[in-house]
Ligand SMILES: Cc1cc2nc3c(=O)[nH]c(=O)nc-3n(C[C@H](O)[C@H](O)[C@H](O)COP(=O)(O)OP(=O)(O)OC[C@H]3O[C@@H](n4cnc5c(N)ncnc54)[C@H](O)[C@@H]3O)c2cc1C
């Protein structure tokens, strides 16, 4: 189970269970845990028993490592959503377990967090039966950690808690059945690289899966239910941080809010990643990437993937901008390209002093640079630029239309 921070944003429509069953009472199992009149007392007592049990089980790292080992043996599918190797998975399990126990007496928070997780697990095909087995794995890990001191009280508390968790997970999964999954994320970095341009880093609370080259759709607080697509500018990272490049189109719109009105700590919401601009794993053809302005973002992701995987295919990125000052990320792109086996970045500046770079239209630079008829081509940028570039690539450079890929102009 991924780490869930305290204060995970609430999901208003989820039920707020106020009760479980006292460890000494029949275990929780009903469909309506919120109806128990002494619910809060019961949850506080469950929490107290679990805290004692965890204290007896030993250092949290060791308990989490045991849990990971039990899951790896019994239910490896449940580890798939956890990013990284065993250590990172252990840390995430430790954080999740700590979060669960710390919030157990705050049913609103814990129901919302589990509900959100349930929706995500559903997207990944983790069903109720596997969730039940995760509870058994937790009991097993704790029992083996506590050893001879294991009591019936502990056993009942763990199982009762897990039945509640399953209930909340199921609510989240059911909600995801009729609503697309939504990830809440916090802005962790906001850099204005130009008056109207920002590079943002956001961290979703739950693991966010995507392929380099894909985009997400974002909703900002001031524009509820307005979802705008933005490319993800890096490969997936262990810390779950996503990078976005946003050029403000108008002060009062979503892009304006992201550039001018967003600060570190703000919340945004994300829809699942989508898009076809990913690398063809089985292609060894040259890769030609042509970007206009922030259209460079998905190509930063593709270059990063080429670098990380040591992919041998030759890759060239042409980045068309209006002025030299618009090359807001050229140093990082160059560095990534240098760590690829065979990649080059060619900025092309259309207006004013081009500095050390070619000037003019990006398509002219592409034509002057070489022969591309055998290449896989990816295009990203303002819709007009993408359409014009596509036409030129097909008609003048003889590139097979089937090899040219870009996302739709609007979604
Ligand atoms: C697959 C995809 C990926 C995208 N990735 C990025 C990205 O990484 N970075 C980024 O900054 N934007 C990206 N966009 C564009 C982004 O989704 C929004 O369309 C843009 O930020 C404007 O949204 P808005 O709500 O601020 O403005 P809107 O309310 O939609 O429009 C405000 C004004 O801006 C104009 N406008 C809107 N979009 C464009 C445009 N693309 N070019 C020129 N004028 C426009 C409108 O005509 C209108 O006048 C992407 C679009 C798609 C389809």
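The values are calculated or read from the model by the stated rules, or taken from the named source; none is laboratory data. The model shown is predicted, which means the values in this text are computed figures rather than measured ones. A quick note on method: Cβ atoms are made from the backbone with ideal geometry, for glycine too, and the neighbour counts reach across all protein chains shown.
Here are a few things to note about the model shown:
- The residue that is farthest from residue 236 (Cα to Cα), counting only those in segment 54-84 that are under 22 Å from the mean Cα position of the chain (by Cα) and not in a helix (DSSP H, G or I), is 80.
- Considering residues of segment 108-127 that are under 21 Å from residue 49 (Cβ atoms) and in contact with a helix residue (DSSP H, G or I) (Cβ under 6 Å, 6 or more places away or on another chain) only, the residue surrounded by the most Cβ atoms within 10 Å (Cβ to Cβ): 114
- Only listed residue being free of Cβ contacts under 8 Å to residues at least 60 places away in the same chain and out of contact with any strand residue (DSSP E or B) (no Cβ under 9 Å at 6 or more places or on another chain), chosen from 247, 201, 159, 152: 152
- Which listed residue, of 387, 365, 391, 337, is in contact (Cβ under 8 Å) with a residue 40 or more places away in the chain and in a helix (DSSP H, G or I): 365
- Candidates 261, 295, 213, 234, filtered to the one that is within 15 Å of the chain's Cα centre (by Cα), within 14 Å of the ligand (Cβ to nearest atom) and at pLDDT 90 or above: 213
- Scanning segment 245-258 for residues that are part of a loop (DSSP other than H, G, I, E, B) and within 8 Å of the ligand (Cβ to nearest atom) returns 248, 249, 250, 253.
- Subset of segment 301-322 [surrounded by fewer than 14 Cβ atoms within 10 Å (Cβ to Cβ) and over 16 Å from residue 380 (Cα atoms)]: 310, 312
- Extreme residue, farthest from the ligand (Cβ to nearest atom), among residues of segment 394-411 that are assigned to a loop (DSSP other than H, G, I, E, B) and either closer than 18 Å to residue 344 by Cβ or more than 31 Å from the chain's Cα centre (by Cα) (or both): 398
- Lone qualifier among 256, 275 - being crowded, with 17+ Cβ neighbours inside 10 Å, outside the structural domain of residue 379 (by TED's automatic domain parsing) and modelled with pLDDT under 95: 275
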